[in-house]
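S.K.: Structure incoming, see below.
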Ligand SMILES: [Zn+2]
Ligand SMILES: [Zn+2]
């Protein structure tokens, strides 16, 4: 039934491939170039030497321990995320999860612990009802299967769609995000190593807001952030 609805053509080039994204298209997606800021994961293009933090991260308070992403946000990868927001999300997430697993191999902070628990960034309830899924959760589930990791829902998104982030300035996003993510009522403790999973890291406002909420849980030692895409 599913094969009939979704014949195995590549989401990007449309060629028959037997895979949601064909190997050539997968290889062609733009990875986050090294070196990166060791805090937020932004590519530094070798311009900022002698420090492990980018200029931005010297301004923002340190809330999470590190953020990493698999791909740069480009027109092609944006189209991909758009497709999994509105179409066959779980297929795409399974196809893209190996890219997140690759980040694992390149990140000593992740390899350091074997007990990371994946925490998807929640979406607002109305959107969840309409779409039927949360793309961050689909990504976390696919990655969890690949690496044998547990997923836990700890956060909730509050507010209405009027607080959708897209049309806001960076400063507005920061304020808005801080009010938009809360711990699920009744949750007071969590495992020591939490890894927030989301589709896109834009200004970092969402990651910082979620991490700030998670910091209030007892037992938490490290909070990492892993996203599929990274904006410049
Ligand atoms: Zn293709
Ligand atoms: Zn940085």
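S.K.: How much of the DSSP beta bridge set in the chain is antiparallel, as a percent to the nearest 5?
M.R.: 20
S.K.: Can I ask one more? Picking from 105, 124, 30, which is most flexible by a Gaussian network model of the chain using Cα springs under 10 Å?
M.R.: Checking each option, the largest mean-square fluctuation is seen for 105.
S.K.: For n ≥ 4 DSSP H runs only, could you compute -39500 (n - 2.57) per run for the chain, divide by its residues and tell me the 222 nm figure to the nearest 500?
M.R.: -10500 deg cm²/dmol
S.K.: Quick one: divide the alpha-carbon radius of gyration of the chain by 2.2 N^0.38 Å and tell me what you get.
M.R.: Normalised by 2.2 N^0.38 Å, the Cα Rg of the chain equals 1.00.
S.K.: Let me ask something else. Given contacts defined as C-alpha pairs under 8 Å and at least six residues apart, what's the relative contact order of segment 31-230, whole-number percent?
M.R.: Relative contact order comes out at 25 percent.
Any read-out appearing in this document is the output of simple, stated calculations on the displayed coordinates, not a laboratory observation. None of the values given here were measured: they were computed from a predicted structure.
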